[in-house]
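Each remark here refers to the structure printed beneath this line.
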Amino acid sequence: MSGQAQLLPGTLDLLILKAVSLGPLHGYGVLLRIEQISGRALLVEQGALYPALFRLVRQGLLKASWGTSDNNRRAKFYGLTPAGRRRLREETAGWKRLAAAMGSALAANPEEV
Amino acid sequence: MTLRALARSAAALFHRSRVEDEMDEELRSHIQHRADDLERSGIDRAAAERRARLEFGGHQRFKEECREAIGIAFIDTLVQDLRFTVRLLRKSPGFTFTAATTLALGIGANAVVFSVLNAFILRPLDVPDADSLYQIERGPDKAGAQSYPDYVDLRDRNRTFDDLAAFSFAQVGLDTGDNPTRAWAQSVTGNYFDALRIQPHLGRLFHASDEHGPNSVPYIVLGHAYWHTRFQDDPTVVGRVVRLNKHPYTIVGVAPPGFHGTLMFFNPDLFVPLLNEEQLEGNTDLHKRGTHWIFMVMGHLKPGVTTAQAIADLSSIGAYLEKTYPKDDGQMTFALARPGLYGDFLGPVVQAFLIGLMLLAALILLAACANLGSLFAARAADRSREVALRLALGASRARILRQLFTEAVLIALMGGAAGVSASVVVLRGLSAWQPFSRFPIHVPVTPDRTVYAVALLVTIASGFVCGAVPVRQTLRTDPYEVVKAGSTGYVVRRIAVRDLLLVVQIAICAVLVTASLVAVRGLLRSQNISFGFEIDRAMLVDTDLSMAGYKDGTVAPIQKRMIEALQTISGTEAVGLIDQPPLWAGSTTISIYRDMMTDLRPANAIANPVTYKISPGYFQAAGTALLAGRAPTWHDDKDAPRVAVVNQEFARRIFGSVTNAVGSYYKIRDGSRIQVVGVVEDGKYTSFAESPQLAMFFPIQQSPTTSTWLVVRSSRDPRQLTSAIRTTLRDLDPAMPFSIETWKSELESGATLFGPRMATASLGVLGAMGAMLSVTGIFGLAAYSLSKRKRELGIRMALGAQRAHVLRSALGRALKLLAIGSGAGLVLGILASRVLAAIVYQASPRDPVVLAGVVVAMALLGLLGTWIPAQRALSVSPLMLLREE
């Protein structure tokens, strides 16, 4: 799949937080949302999603509650906690800094050195 | 893992089945949603669901990873480790028992000592708002005692205290109508209870408004415990009139149960008004500004006031007092201290002693941990094959270490539980114990929450310390090597660390054994020295005549009548009176001056001899030898010239010799010329460990005292005289409270012997513990090195080596370490014993008996430690040994 990028380690949590920050989602919804907002460039392995969700709940960044989905099925919905919102803000800033730094580093050409 | 996360894990564990159900449901929901999407793209439902499941992947792996993420896994592993550990420990009950017992000793000792430390130092006085309560200390000596006029000025002039209360102590004769008994009272100012914010249990307490000058407050307040024992919790006592030193007093109330006065551990029976001092003590110092008899002045700081502000405030009052009363007040600077342990007077001494004891207890625990650490290391070595196998099969080293730590902590917890249970028993006993039967002193050292928390912490910490010893060895394990070559590859190097541990431990044990032997020897020797009086066949009758209302001119006549009456009892050889027997509880000293000296400033004093007041016949009754001159007679009364009998040391130091002394004169502070009429032998006056002190004896008619100790010397067992003495004295004055005791038991229960006894007992206990720890240490090493060399020994024996010879080479190492450790410990112990010399009589470590005792004790310990392993090794046949493995 040439149009798709490998997830960097540690980015899954950030993606989940971002996806959930746009509105509460159930597990499968998180997968779809990440696909959608990354322009189908990032694919999350289904089995890897749930351990990450559980870990985030345990860290107090997400809260979970049972509800009914659009398909009229029972599903567990995840939403951001205030701590999760804070973490998302920090990590987004960190990620942007890193991306900018990487971008400028990789764009350097011989004349500028 | 943060605490919160751990809590969530624990919660997840408790709702385990619910969590698992939820996981299943969520998984199902996910697959359904995926299948819905697939179905929408045109696949039929059954195929869609199959494909959704396939896409998702391994169900079990998913759940395992989720569990890990929730944190159940952590606890799962712990439970697994615990199960495994319990199984292992069950398989070697000997090891488990030894290890747990060793730790129980160490942790128990620490729990006991810490409880005492807690009770003495950490716990504040049990009064409301103890944080802002301070006592006032005066002058550079930080004296707690103040004079009453100074107290009144401090109370009325200060602007930094809510209120200042004062108290002192008095022994009173309480007569409820039938039998007069003596009781310990705390005499307090009217504002005392209000200043301390104490509410009555029954009736009312004193108030400042009760006070209208000396002897104006005919009320008493009962302590709760005394109300219980003496009045059987009778609520009708409030309002009852009783007699105190023959004066009528009304019981106005009962203090609350938790309140025991404001000197820690001293539980007064009742509270009496300080202003009535004259009725209760027989004389009064209320108006004397220069007499500092008030025991303590204290109060709560006003909110927001700092101690520095309070000190400045007090000191400015002090400066004013110095200027106004230059004759009486000097050095009126002030400091603040916590009231419980009598501020800076007793506090630092007790603190230093207890902290020393705590350090010693910590040393013992450290020894126990070192000891166990080496046992664990030995065990880990024994298990190196198993560990190697687990490593080879893919277990992580962290996982294996975790199991080792689980084992260590589990053993520590068992030991800790046993140790703390034992310490609770010991502490209950200590709390119920009254060290001085004569004083109302209780030391409530029952453990509280702090103690349990500290014990738990210490337990877990020691588990980790023990567990940490074999860590390096486990980390270095090379599974390939071990599985290939057997477990002997790295034994030799590790022994060095273990050896060091053992030597340190044996040395610590030897220090303790040396110190306790020195103390015991000192104590034994102190009981064989001459006191300067003869305690056998002598009874002591003790009373204070002020308790029966005698004062001034009536005291000496009743004392003479008492002596004469007791002399008529058949079986008495001699009867004499002294104001306070030597070696009882402290002593009084008076400055003396050369006869020619006219400027009687303290700086010109030539000595401060211990001073006693005695009746004629005292020396005979006490068995003190008169070396020259005469003893006082009944003719040495107020109208006769003042005389004194001095001891030999006094005669030698002041007058050069005994013969020079008799007939010579000297002066005392008030300017009186005193003629020495006799010289008696030297004795011990304040402690057994003291070097010869100067002492002088004044006749009671010239220096009256209401404090009365009658010495009755009998020709037979003095206890037979008890009832005769009682009836004789009752006939003289039925309202006089007194107690009768043999001199021997009076001395044994006295404060003088208490210090050395306690020191000896604590050292003895610690020494015994140290010894037990050393035995387990040596045992561990010997057992270990024998089991490691079993094969080699078997071969040697099979080849015809003598068993004794083989054993010697196997145990030689343990014994050599024992010798090194003992030697080092002995030297350290000798150095440490110098500290003991301050408490224990002639605590000389260079005593051949002590040296021999230490060597024998350590040799016995070595024998004990190596006996069982040696026996075990000898009882196995070489063939069996060789066939193993």
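Of note:
- Shielding of peptide B:35-47 by partners, expressed as the average count of other chain Cβ atoms within 10 Å per residue Cβ, is 1.
- Counting only alpha carbon atoms, the long axis of helix A:46-58 and the longest principal axis of chain A meet at about 80°.
- Sequence-separation-based contact order of chain B, relative, with Cα cut under 8 Å and 6+ spacing, percent: 14
- Prolate/oblate/rounded label for the range B:212-337 (Cα gyration tensor, a/c 1.5): oblate
- Which of B:Asp639, B:Asp328 has the fewest Cβ neighbours within 10 Å, and the rest in rising order: B:Asp639, B:Asp328
- With a Förster radius of 45 Å applied to the C-beta separation of B:Thr250 and B:Tyr320, the computed FRET efficiency comes to 0.70.
- The charge dipole of the range B:21-100, taken about the Cα centre with unit charges on the Cβ atoms of Lys, Arg (+1) and Asp, Glu (-1), comes to about 600 debye, rounded to the nearest 20.
- 3J(HN,Hα) along the range B:277-289, derived from phi through the Karplus expression 6.51 cos²θ - 1.76 cosθ + 1.60 where θ = phi - 60°, amounts to 3, 5, 5, 8, 10, x, 8, 9, 10, 4, 8, 8, 6 Hz, with x in place of Gly and Pro.
- Value of relative contact order over chain A, rounded to a whole percent, pairs C-alpha under 8 Å and six or more apart: 26
- The range B:256-313 and the range B:801-824 have their alpha-carbon centroids 65 Å apart.
- Degrees, to the nearest 10: A:11-21 long Cα axis against longest axis of chain A: 50
- Cα lying deepest toward the dipole's positive end in the protein assembly as shown, options B:Val765, B:Pro248, B:Ala810, charges on Cβ: B:Ala810
- Efficiency of FRET between B:Lys63 and B:Trp433 - r from beta-carbon atoms, R0 56 angstrom, step 0.05: 0.40
- Between the amide H of B:Leu202 and those of B:Val254, distances stay under 5 Å, these residues lying 5 or more places away or on another chain, with hydrogens modeled in the peptide plane.
- Sorting B:Asp175, B:Asp670 by the number of Cβ atoms found within 10 Å of their own Cβ, with the fewest placed first, yields B:Asp670, B:Asp175.
- Quarter of the Cα convex hull surface for the protein assembly as shown, i.e. its orientation-mean projected area (nm²): 64.9
- For residues of A:46-59, the mean tally of beta carbons on other chains within 10 Å: 6
- Three-way shape label, the range B:351-394, alpha-carbon gyration tensor, a/c 1.5: prolate
- Inter-label distance, nm, simple model (7 Å from Cα along the C-beta direction), B:Met596/A:Ala101: 9.4
- Using 0.36 nm per residue and subtracting the Cα-Cα separation, the extra length available between B:Ala312 and B:Thr333 on full extension is 6.7 nm.
- Model label sites at B:Ser664 and B:Ser530, defined 7 Å from Cα along the beta-carbon direction, differ in position by 2.1 nm.
- Distance (nanometres) between label positions extended 7 Å along Cα→Cβ at B:Gln232 and A:Glu35: 9.1
- Global form of the range B:618-760, assessed from the alpha-carbon gyration tensor, a/c cut-off 1.5: oblate
- Average Cα contact separation per residue, the range B:220-376, under 8 Å, 6 or more apart, as relative contact order %: 17
- Rounded FRET efficiency, nearest 0.05, which uses the C-beta distance separating B:Arg630 from B:Lys744 and R0 of 30 Å: 0.55
- Cβ crowding within 10 Å, taken as a proxy for footprinting-reagent exposure, orders B:Ser530, B:Ser664 from fewest neighbours to most as B:Ser530, B:Ser664.
- When shorter helices are ignored and each DSSP H run of at least 4 residues is given -39500 (n - 2.57), the per-residue value for the protein assembly as shown at 222 nm works out to -17500 deg cm²/dmol.
- Here the extension length gained between B:Ala461 and B:Thr568 equals 31.5 nm, from 0.36 nm per residue of separation less the Cα-Cα distance.
- Helix B:751-788 vs. chain B, principal-axis angle (Cα, 0 to 90°, nearest 10): 20
- Chain lengthening between B:Arg449 and B:Phe266 when straightened (0.36 nm per residue, less Cα-Cα): 63.5 nm
- Per-residue ³J(HN,Hα) for the range B:664-676, Karplus 6.51 cos²θ - 1.76 cosθ + 1.60, θ = phi - 60°, Hz, x for Gly and Pro: 7, 10, 8, 10, 10, 3, 6, x, 5, 8, 10, 9, 7
- Scalar couplings 3J(HN,Hα) for the range B:87-96, obtained by applying the Karplus form with A = 6.51, B = -1.76, C = 1.60 to θ = phi - 60°, are 4, 4, 5, 4, 6, 10, x, x, 4, 4 Hz; x denotes Gly and Pro.
Read-outs: derived from the displayed coordinates by stated rules, not from any lab. Please read all numbers here as calculations on a predicted model, not as lab measurements. We place every Cβ from the backbone using ideal geometry, glycine too, and count neighbours over all the protein chains shown.
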